[in-house]
1. For every other residue with a beta carbon closer than 15 angstrom to the beta carbon of ARG153, add +1 if it is Lys or Arg and -1 if Asp or Glu, then tell me the sum.
2. LYS146: which lysines have alpha carbons under 25 Å from its alpha carbon, excluding same-chain residues fewer than 8 sequence positions away?
3. So what J values fall out for the range 9-21 if you push phi through Karplus, 6.51 cos²θ - 1.76 cosθ + 1.60 with θ = phi - 60°, rounded to Hz, Gly and Pro as x?
4. For ALA125, which sequence-distant residues (separation of 5 or more, or a different chain) have an amide H within less than 5 Å of its own amide H, given hydrogens modelled in the peptide plane?
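Rule-based calculations on the coordinates, nothing more; no lab input. Remember, predicted model here, so these are calculated numbers, not experimental data. All Cβ positions, even for glycine, are placed from backbone atoms using ideal geometry, and neighbour counts span all protein chains on display.
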Amino acid sequence: MKARFKYRIYPTPGQKHRLAKLFGCVRVVWNDSLACCQQKYKSGEKKPTNSELQKQFITQSKNTEDREWLSEVSAIPLQQSLNDLNRRGKRPFAPTNFFRSTKGERKGRPIKPPKFKSRKSKQTARFTKGGFKVGQHKIYLAKIGKLKIVWSRDLPAAPSSVTVIKDVGANGRSPLHRYFLSFVVEIQPEILPKTDNSVGIDLGIKTFATFSDGTKVDAPKPLKKRIKKLRKVKFVIIS
């Protein structure tokens, strides 16, 4: 079973510049390939294969004047972007699923066509093995460098891939300038012992939870626990 583990990272100004360039390249490759897929679909032509898209919009585009800057970033996230675009798996917005849905070959409700990426939305780029290295205090990403990471918990196993994420505000327009790394790790599901016991749970306001056997769980009060620290922080800011 695969699970995701997300951690906060703190890139330097130079790394932020390189990440911005990477996000832009991933976005351009995605949009160029999607535009090609849409054109093929409208003209009734066969959808390009993943290898054809990678050859046209990554390998060949690097040799053109308009897209030569694609060679300044790692090719792995660019390839993974097209893998996502053409994936036949669970992602409902993949063109393959969209094409199958329009032809009636896919069960379930109709699938909406994939969307173009915008620089105002959340920015992501995924690295697979060979494109990243996990260290004790830092994570190395190809052509980005060693990023400072805060390990809020241990990784249970070696990750198979990592996605670097730049967050955006709630309205999708104002960037929060927060960066994260999301690791995909293979884990073994925990098998709980069989039992015939059962209990009902009632959630409340004053009491967080009340069990059917009479047990009560008090509501957590993080503000009350940290009110003294909050007052000190306010005092420092005001003064």
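1. +2
2. LYS6, LYS16, LYS21, LYS122, LYS129, LYS133, LYS138, LYS166
3. 10, 10, x, 6, x, x, 5, 4, 5, 5, 5, 4, 5
4. Long-range HN contacts for ALA125: VAL164.
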